[in-house]
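One structure is given here, and the rest of the page talks about it.
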Amino acid sequence: MKLMKVLAMALVMFAAVGCFPEEEITEYPELESLEGTLWYSYDGTDATYYDVLFDSADQGVMVGYNSAERVEEVSRQAFGYGFDAQIDVVTLDFVGGKSYGGILVPKGEFQISEKDVYLIQLYEVDENGDIIYTAEGEIQSTLLMWKE
């Protein structure tokens with residue numbers, strides 16, 4: 001009789017689990033190229049909103065604005081870039097300036113404003129591609145970009 005009660009209880013538990021809806025898993029396409037894509041960024045230290053356009057297969061421009069509405073342009077920097085879609089590595093070299101290297105994070109791993117986004121996380125690097133650290137051991141400079 002005890003065995004029947006245990007089996008009945010197990011059956012009830014399995015039935016209850018079956019009542020919960022399955023979580024829908026959304027799959028997103030992998031990016032094979034950055035060419036022609038528009039990304040967004042924000043610098044909290046000077047409250048600048050950026051549009052980052054990867055114009056061609058190896059050139060782009062980063063335009064800064066003083067508000068989220070992107071009315072008044074405050075900066076414009078051209079850059080060259082590289083993207084290895086096999087290992088999701090991105091390199092970015094500003095004309096006459098800093099170089100960055102990092103990774104592309106697939107869409108679905110992070111959300112911004114409750115929307116799944118692709119991310120590019122970049123770190124300032126030296127001529128050897130090594131991350132530059134401050135005297136205190138912190139990363140010198142980073143860039144974070146996202147795209148829906």
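The values are calculated or read from the model by the stated rules, or taken from the named source; none is laboratory data. Bear in mind the structure is a predicted one, so any value in this text is a computation, not a measurement. A quick note on method: Cβ atoms are made from the backbone with ideal geometry, for glycine too, and the neighbour counts reach across all protein chains shown. For accessibility, only protein heavy atoms count, side chains too; no ligands or nucleic acids. Shrake-Rupley method; radii C 1.70, N 1.55, O 1.52, S 1.80 Å.
When restricted to residues that are without any contact (Cβ under 8 Å) to a residue 24 or more places away in the chain and open to solvent by less than 60 Å² (accessible area, probe 1.4 Å), region 37-49 contains 3.
The single residue among Y123, Y81, Y100, Y118 that is among the aromatic types (F, W, Y) and within 18 Å of T26 (Cβ to Cβ) turns out to be Y118.
The listed residues are E22, E32, and the only one of them that is farther than 18 Å from F79 by Cα, in a loop (DSSP other than H, G, I, E, B) and modelled with pLDDT under 90 turns out to be E22.
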